[in-house]
Amino acid sequence: MRLFGLMCIVWVAVCISHGPARAADVKARPRVDLAGAVDQHIQQAAPDWLNYYKDLHRNPELSLKEAESAKKLARRLEAAGYKVTTGVGGHGVVGVLANGKGPTVLIRGDMDALPIVEQTKLPYASQVTVEGTDGQKVGVMHACGHDVHQTCLAGTAEVLAALKDRWSGTVVAIGQPAEEIGKGALAMITDGLFERFPKPDYCISLHVAHILPAGVIGYTPGWALANVDSVDIVIHGRGGHGSRPHQAIDPIVTAAHVITALQTVESRRLDPVEAGVITVGSIHAGSKHNIIPDDARLEITVRSFSEETRKTLLDGIREVTINTCRAMGCPRDPDIHLRADEFTPASFNDPELSKQAAQVLAQILGASAVIEIKPVMGGEDFGRYASHLKVPGFMFWLGSIGQDRFDASLKPGAEPLPALHSSQYWPEAEPTIATGVRSLTSLALSLFDAKP
């Protein structure tokens, strides 16, 4: 998910209105005997899933390069009895298990990794490197838990197939590429995901969390993750000698004024109760101590929830930047480019589905293991699926830190736990995967016509 920079971490599903299937129709069903059958399958399959996870972790692939990960997932889905299609929206995988009349439930797991050199020292740590755009070697690592997500997807698909005499409906299990660059969900939709395959009545998924211990689930009703926009700005000055600034128009000084002024857009144009973020993440200008350059370049990330807030922030960036440059005497207006290809829409967890899901998860994990958490300003493209179809969607956070490590991090003066996208992040694999499969499977069964 593109979850880099999250304060809490992860995610989500978007839905503004309900389709023909209503979240209110969900019954908090998996009954005790059915939950026992799920647990039995998990116990039997856990060693196999752990090996699968370690293989994925050891062999990560970057966004748009997930060919081998897709093959591995496709083989597991086929072995479980799913009708599998590969190459959807790039390396996307779609597995369909039609099992009689009932709702259609989409379950997503993303597959791509990050350009990070792993520093965990795990025995199965990634040693993968690839050549970067500059010709230098770049490390590759599953630092955002997509190896866990793939394993939980495969495990859930396998358990649902094994218990198909206990429920009715259709599972659409998808392995999504390119989540980290915000392009995978849109690519699969554009490639006919909802025309070529059964249309979901519900969309569900999970995302690992570095702030929760393994065995604990976090969820956020309503807005869960933010709109993510990327804006590139080029400020045009007039270069000159550093000793004669009066003969130049300094784009670096202008950029400094722009950066400061941009912080007033959120603080002075938005209602204080509305969430919004404008962060200048990169500034590039100049080549030497005594040269005033011609240009300065800024790269900005913008976060919001509602479309109204998003528009206020983006319009404010344009107005503040243009008028500041004019006030500083720049020879021409700045170039301002909104990178539409990198936009990720805000994720919305359907409130009714969130309520019912929390009941189901509390039933199988215990009430103390299911907690409501605040929304975060990170982004994730899973929300596109439910938003596109206008059906209920729900993504929950999957605790991934061993209890001992988690407890130690709470002691005074302790180092914080490595965040997602850290070279030192690693999940406690066995309990994390078991909880993820148990949760996804039970939630899916509650949406189907599950039989006791």
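The values are calculated or read from the model by the stated rules, or taken from the named source; none is laboratory data. None of the values given here were measured: they were computed from a predicted structure. Here Cβ is always computed from backbone atoms with ideal geometry, including for glycine, and neighbour counts include all displayed protein chains.
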**Message:** Within segment 173-194, take every residue that is at negative phi and part of a loop (DSSP other than H, G, I, E, B) and give me the one that is surrounded by the most Cβ atoms within 10 Å (Cβ to Cβ).
**Reply:** Pro177
**Asked** Could you say whether any residue in segment 31-54 is at pLDDT below 95, part of a loop (DSSP other than H, G, I, E, B) and not acidic (Asp, Glu)?
**Response** yes
**Request:** Filter segment 108-152 down to residues that are modelled with pLDDT under 95 and not aliphatic (A, V, I, L, M), then give me how many there are.
**Result:** 7
**Asked** Can you name the number of the only condition in (1) outside any helix (DSSP H, G or I); (2) touching a residue at least 24 places away in the same chain (Cβ under 8 Å) that Val258 fails?
**Response** (1)
**Filtered residues of segment 363-408 (kept if touching a strand residue (DSSP E or B) at 6+ places or on another chain (Cβ under 7 Å), surrounded by fewer than 18 Cβ atoms within 10 Å (Cβ to Cβ) and not aliphatic (A, V, I, L, M))** = Glu372, Gln403
**Prompt:** Given the conditions (1) within 28 Å of Ile181 (Cβ to Cβ); (2) of a type in the set (A, V, I, L, M, F, W, C); (3) surrounded by fewer than 21 Cβ atoms within 10 Å (Cβ to Cβ), which single one is not true for Ala414?
**Reply:** (1)
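I want to confirm something. Restricting to segment 93-110 and keeping residues that are under 28 Å from the mean Cα position of the chain (by Cα) and surrounded by fewer than 24 Cβ atoms within 10 Å (Cβ to Cβ), which single residue is farthest from His57 (Cα to Cα)?
Among residues in segment 93-110 that are under 28 Å from the mean Cα position of the chain (by Cα) and surrounded by fewer than 24 Cβ atoms within 10 Å (Cβ to Cβ), the one farthest from His57 (Cα to Cα) is Pro103.
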**Message:** Is it the case, given these coordinates, that Asp271 is in a loop (DSSP other than H, G, I, E, B) and surrounded by fewer than 22 Cβ atoms within 10 Å (Cβ to Cβ)?
**Reply:** yes
**Message:** With the requirement that a residue be under 17 Å from Arg108 (Cα atoms), under 15 Å from the mean Cα position of the chain (by Cα) and of a type in the set (Ser, Thr, Tyr), what does segment 189-229 give you?
**Reply:** Ser205, Tyr219
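Conditions (1) β-branched (Val, Ile, Thr); (2) outside the structural domain of Ala37 (by TED's automatic domain parsing); (3) touching a Pro at 6+ places or on another chain (Cβ under 8 Å); (4) over 18 Å from Ala429 (Cβ atoms), marked per residue:
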residue: Ala113; (1), (2), (3), (4): no, no, yes, no
residue: Asp165; (1), (2), (3), (4): no, no, no, yes
residue: Ile204; (1), (2), (3), (4): yes, no, no, yes
residue: Val208; (1), (2), (3), (4): yes, no, yes, no
**Item:** Qualifying positions in segment 201-258 - aliphatic (A, V, I, L, M), within 30 Å of Asn323 (Cβ to Cβ) and in contact with a Leu (Cβ under 9 Å, 6 or more places away or on another chain)
**Value:** Val231, Ile233, Val234, Ile235, Ala255, Val258
**Fill in**
Matching residues in segment 220-255 (surrounded by fewer than 22 Cβ atoms within 10 Å (Cβ to Cβ) and either without any contact (Cβ under 8 Å) to a residue 60 or more places away in the chain or of a type outside the set (Val, Ile, Thr) (or both)) number 18
**Complete:** Scanning segment 274-307 for residues that are surrounded by fewer than 18 Cβ atoms within 10 Å (Cβ to Cβ), of a type in the set (Lys, Arg) and touching a residue at least 12 places away in the same chain (Cβ under 8 Å) gives Arg297
